[in-house]
Amino acid sequence: GGSWEAAQCGLVFSMFDRFQRAGVKPVMLETQYRMHPSICAFPSNRFYDDRLASAPKPSERMPPHGFPWPDRQQPLVFVDCPDGREEHTGE
């Protein structure tokens, strides 16, 4: 299996772990830009001792282009996709 082959190639540990074992000092990136702050609150608290900041501010976040966001005050929306097809455009 894959686990034995991974071990033979020295891939038992993640790349991050291998860097640390090689003496590379980890650096925490303090600001994340993808999640709404209310969604980011859990990982910030659970994994980063509340040190993970979010940007931009909720008031500065624009809804996705072409999507009628139902409530700008809510950071999360569930979208019904009855036909189950996905389309990718652009690069």
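The values are calculated or read from the model by the stated rules, or taken from the named source; none is laboratory data. Keep in mind it's a predicted model, so treat the numbers as computed, not measured. Note that each Cβ is placed from the backbone with ideal geometry, even for glycine, and that neighbours are counted across all protein chains shown. Note: accessible area is taken over every heavy atom of the protein model, side chains too, but ligands, DNA and RNA are not part of it. Shrake-Rupley method; radii C 1.70, N 1.55, O 1.52, S 1.80 Å.
Structural remarks
- Condition check for PRO63: at pLDDT below 90, in contact with a helix residue (DSSP H, G or I) (Cβ under 8 Å, 6 or more places away or on another chain) and open to solvent by less than 60 Å² (accessible area, probe 1.4 Å): no
- Leading residue by the ranking (farthest from PRO75 (Cα to Cα)) among those in segment 20-37 that are open to solvent by 70 Å² or more (accessible area, probe 1.4 Å) and part of a helix (DSSP H, G or I): ARG21
- If you go through segment 40-68 and keep only what is in a loop (DSSP other than H, G, I, E, B), of a type in the set (A, V, I, L, M) and free of Cβ contacts under 8 Å to residues at least 12 places away in the same chain, you end up with just MET62.
- When ASP83, ASP17, ASP71 are screened for being outside any loop (DSSP other than H, G, I, E, B), open to solvent by less than 100 Å² (accessible area, probe 1.4 Å) and of a type in the set (Asp, Glu), only ASP17 passes.
- Per-region count, segment 66-91, residues closer than 27 Å to THR31 by Cα, modelled with pLDDT of 85 or more and among the charged types (D, E, K, R): 1
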